[in-house]
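Take a look at the structure below.
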Amino acid sequence: MTERSLASVGERVFNFSPGPAVLPLEVLEQAQEELVSLPGVGMSVLEISHRSPAFDRILEETLAGLKGLLGIGADHEVIFLQGGASLQFSMVPMNLLRGQQAAADYILTGTWGVTGAKEARREGAVHVAWDCAATNYDRLPGPDEIRLSKDPAYVHVTSNETIQGVQWKHEPMVGGAPLVCDCSSDFLSRPIDVAKYGLIYACAQKNAGIAGVTAVIIRKDLLERSRDTLPTMLDYRTHVTNGSRPNTPPVFAVYILGLVCRWVRDTMGGLESMARHNAAKAKILYDILDSSAGFYAGHARPDCRSDMNVTFRLPNEGLEKEFVTAAAQRGLIDLKGHRSVGGIRASIYNAMPLEGVAALRDFMIDFQKTRQA
Ligand SMILES: *Cc1c(COP(=O)(O)O)cnc(C)c1O
């Protein structure tokens, strides 16, 4: 695949949706090209058996793509599940907490972490090791603010809080406890040192593809915690033993994930380069916030800012509504913030091109000039 300009597809807008989100044009075009007939197969990927050699190859390539990008070694298994990241809010504690004496610790830096902790409480003891509710999740804890329980079953974090726009820059220190991370909204946006994690999960529809598939990366020793009384399909071991195919997997979503992995590797130059690209895009917008004399007020504190979701307020709600409407007229779509934060959220995942961010920057400068007078 070679890089293509969005301008070459005239009717496409710049899509700042938090998810499902913008996909690389090259991926959409390859899927389109192969949709009616996969090369050498003569059928659509939508029509083939999930046990066919053609799908064997797609699954293998997708797995190899992910493992190659993330440098996943022999200590971890990779499985593809359905039910979204939300099902992992339940499956993680069902498999890792159920029947344990210890508590699971949750570090709450935003809405998704809070939701995960709520589900975990159905399965066992949950200890909140830090909670930023008092300032509406605008920052990360300092190392001395995290209060872990004694020998927690695991420690759960959310690497990027999609709604608040708060992103961890490096892993918190959690002693010997397995670190469990919801990476849904920054998966494949930067390198991860997988060896530091007990379990990583991510739905695909933010950075890595389309809704329907969720990647779970689990350290092999943790599989021993799952109990035989678990429902078969909710037991991680079922999916590991059956190579992500105990039943029909979401074949199209797996296929697209594979294409996205290839795009990140071949077109974008791998995760280090992807991360630099994403940081450069985010800086363009944060520089506008910082030079706006308070007209655009960032939600996240500067040292916790997300490279994926840029969240900010305007002086009043009337102006925020006008901003969203006027931006849409310029082909800058889906900029309304989540109701729990308000204001504006620009989601600028992997596939948002630099020219989309530059167009938003120019719009923001113009908007401030005309509305501030
Ligand atoms: C989108 C998102 C989820 C929810 O994902 P679903 O696939 O809709 O269940 C969970 N966590 C984070 C961080 C997200 O961004």
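Tabulated data for the structure shown
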quantity: Kirkwood Rh in Å, taken over all unlike Cα pairs in the stretch 1-110; calculated: 18.3
quantity: Probe 1.4 Å - accessible area at Thr135, Å² to nearest ten; calculated: 60
quantity: Counted charge near Lys220, where neighbours are those whose Cβ lies closer than 13 Å (Asp, Glu -1; Lys, Arg +1); calculated: -1
quantity: Net charge contributed by nearby residues that have their C-beta within less than 14 Å of Thr158 (K/R +1, D/E -1); calculated: -3
quantity: Fraction of antiparallel bridges per DSSP, the stretch 29-266 only, in percent to nearest 5; calculated: 45
quantity: Estimated dipole of the stretch 29-266 in Debye, rounded to 20 [Cβ of Lys and Arg +1, of Asp and Glu -1, Cα centre]; calculated: 360
quantity: Portion, in percent, of the accessible area of the stretch 50-108 that falls on carbon or sulfur, probe 1.4 Å; calculated: 49
quantity: For the stretch 64-168, alpha-carbon Rg relative to the globular expectation (2.2 N^0.38 Å, N residues); calculated: 1.14
quantity: Where only alpha carbons of the stretch 211-278 are counted, the Rg and the Dmax (Å); calculated: 15.8, 46
quantity: Relative intensity, log₁₀ I(q)/I(0), of the stretch 225-323 from a Debye sum that treats every alpha carbon as a point, q = 0.15 Å⁻¹; calculated: -0.83
quantity: Size of the stretch 143-198 as Cα extents on the principal axes (Å, biggest first); calculated: 32, 24, 16
quantity: Under 12 Å, Cβ to Cβ, from Asp182 - net charge with Lys/Arg +1 and Asp/Glu -1; calculated: -2
quantity: Cα shape, the stretch 162-233, gyration tensor, a/c 1.5 rule; calculated: oblate
quantity: Residue-by-residue Karplus 3J(HN,Hα) for the stretch 356-372, coefficients 6.51, -1.76, 1.60, Hz, glycine and proline x; calculated: x, 5, 5, 5, 5, 4, 4, 5, 5, 5, 4, 4, 4, 4, 7, 8, 8
quantity: Placed amide H near Val126: partners under 5 Å, 5+ positions off or other chain; calculated: Ala104
quantity: Heavy-atom accessible area per residue - the chain, 1.4 Å, Å²; calculated: 42
quantity: Using θ = phi - 60° and Karplus 6.51 cos²θ - 1.76 cosθ + 1.60, couplings along the stretch 216-221 (whole Hz; Gly, Pro as x); calculated: 10, 10, 10, 5, 4, 5
quantity: Kirkwood Rh in Å, taken over the stretch 29-266 so that all alpha-carbon pairs contribute; calculated: 18.4
quantity: Lysine pairs meeting the criterion (Cα under 22 Å, 8 or more apart or interchain), as found in the chain; calculated: 20
quantity: J(HN,Hα) series, the stretch 302-308, from Karplus relation 6.51 cos²θ - 1.76 cosθ + 1.60, nearest Hz, glycine and proline x; calculated: x, 7, 10, 5, 7, 7, 9
quantity: Relative contact order %, the chain, counting alpha carbon pairs below 8 Å whose residues are six or more apart; calculated: 22
quantity: Overall form of the stretch 83-130 per C-alpha gyration tensor (a/c, 1.5; a/b vs b/c); calculated: oblate
quantity: Gyration tensor verdict on the stretch 311-369 (Cα atoms; rounded if a/c is under 1.5, prolate if a/b is larger than b/c, oblate otherwise); calculated: oblate
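The values are calculated or read from the model by the stated rules, or taken from the named source; none is laboratory data. Just so it is clear, the model here is predicted, and its values are computed rather than measured. A quick note on method: Cβ atoms are made from the backbone with ideal geometry, for glycine too, and the neighbour counts reach across all protein chains shown. The accessibility values were calculated without ligands, DNA or RNA, using every heavy atom of the protein model including side chains. Shrake-Rupley method; radii C 1.70, N 1.55, O 1.52, S 1.80 Å.
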